[in-house]
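Following this message is one structure expressed as C-alpha cells.
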Amino acid sequence: MLNMNSKLNHSKKQNLKVVSGMIAGTIIYSMGVVWLLDLAQFYAGGVTGFSQLLSNFLGQIGIPISKSIFIAILNIPLFIIGWRGVSFRFALLSLFSVVIQVITVAVLEMLLKYGVNPFQKALTPSGGMDHGAYLTIAVLGGLVCGVGSGISLRSGASTGGMDIISQYLSFKKRIPFAYISLSADLVIIILSAFVGTLETAIYTIIRLIITILVLDRIHTIYKYMKLEIITTECEAMRQAMITNFNHGVTIYKAIGGYSGQDKWVLESVVSSYEAEEYKNLAMKIDPKSFIIFTAVKHIQGLFNHNVIA
C-alpha cells in the first residue's frame, strides 16, 4: 500500500509539472511568434511556421485569416496520429497544448489591433525597420521561442505539431527527432523566400540557429544518461526505482575504497529529463548515496523509450 501511495503521489506531481510547463512554455512561445517574429514577418518552425506562411500568403492576395485557425486545422490529423500511434494520454496533452496556443495567438493578434506589443516601440522607435532591427528581432525571437519550447519540452509536455510526428516516427521508425525538425524548418525557410524575400529567409535561418542553441541548453527530452547510484540501501532503492519509473535496473556489489564498507551499485539508463527525479528520490532514501550521471550517445537493445508526455 505504501508503494502504491508513493507511486500515485509521484504521478500527481509529475502530471502537475507537465501541465504547468506546457502552459508556461506555450504562452511564452506564442508571445515570441506574435510579438517578435510577426513584427518582421519571420517564421517559426513546424506547424506554427507553416501556419504563418499560409496566413501571410492569403493576406497578400486580400484574404486575411488568423494563423491561429491554421494552427488548429493542421494539428487535427497530427492529433489523430498521436492518438493511434503513440498513446491517448500523449494525444490528449498535445490537444491541450494546441488549444492553449490557438487561444493565446488569437488573443495576442487581437491585442495587436489596439497597439499592444511591448517590443514594437523598443525595436522600431521610428516606426520603420532597418537591418539592425531585423537582426535584433531574429535573435530575440529565436531566443524567446527557444525558451518557450524548451520549458514545455523539458517538463515532459508535448507542444503538439512536429512533436507528435517526431514521437510517432521515433517510436515506430526510430528516426531521430533532429532529422524531422530540421527537415520541416528547411522547407519553411525555402518557402519563406517565395512568400516573402530572400532577406526574410536569411533572417529566419538566424532565428533557427538561435532557437536550436537555446533548445540544446534547455531541452533534454531526447537525450539519455547512464545513472549509477552507490548506496547501502539496496532493496529500498531498487523498490523505489521500479515503482516510480519504467526503466530496468542492474545491481552489483561494491566496496567503499575509503571506508571498506560493503555497498551496492544500482545502474540504469534513463531519459535526461528524468535525472532530477531520480536524484531527489535517491537522496530521500539514502542522503549519503553517491550518484553519477554519464551522457549516453547510443543505446542498443531493450529500452523503454518514454513518450514525452
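No lab work stands behind these numbers, since they all come straight from the coordinates. All values reported here derive from a predicted model rather than from experimental measurement. Here the Cβ is made from the backbone with ideal geometry for all residues, glycine too, and neighbour counts use every protein chain on show.
If r is the Cβ-Cβ distance from Ser66 to Val187 and R0 is 22 Å, what FRET efficiency results, to the nearest 0.05?
On the way: r = 22 Å, r/R0 = 1.00.
Efficiency, from the Cβ-Cβ distance: 0.50.
Let me ask you something else. My understanding is that a pair violates if its Cα-Cα distance is over 32 Å; which of Lys67/Lys297; Lys17/Lys113; Lys253/Lys279 do that in this structure?
Violating the 32 Å Cα-Cα cut-off are Lys67/Lys297; Lys17/Lys113.
Which net charge results when you count Lys and Arg as +1 and Asp and Glu as -1 among the other residues whose beta-carbon is under 14 Å from that of Ile206?
Value of the local net charge: -1.
How would you classify the range 224-296 from its alpha-carbon gyration tensor, with a ≥ b ≥ c the square roots of the eigenvalues: rounded for a/c under 1.5, else prolate if a/b is greater than b/c, otherwise oblate?
Prolate, since a/c reaches 1.5 and a/b exceeds b/c.
Which FRET efficiency value, to the nearest 0.05, do you get for Leu58 and Met110 by plugging their Cβ-Cβ distance into 1/(1 + (r/R0)^6) with R0 = 25 Å?
Step by step, r from the Cβ atoms, then E = 0.85.
If amide hydrogens are placed 1.01 Å from N in the peptide plane, which non-local residues have theirs closer than 5 Å to the one on Tyr224?
Ser272, Val296
Report the net charge of residues surrounding Lys113, where surrounding means a beta-carbon distance below 15 angstrom and charges are Lys +1, Arg +1, Asp -1, Glu -1. The partial results should precede the final answer.
Values: positive: Lys67; negative: Asp38, Glu109.
In short, -1.
Suppose R0 equals 22 Å. What FRET efficiency, 1/(1 + (r/R0)^6) with r the Cβ-Cβ distance, do Lys17 and Ile291 give to the nearest 0.05?
0.60
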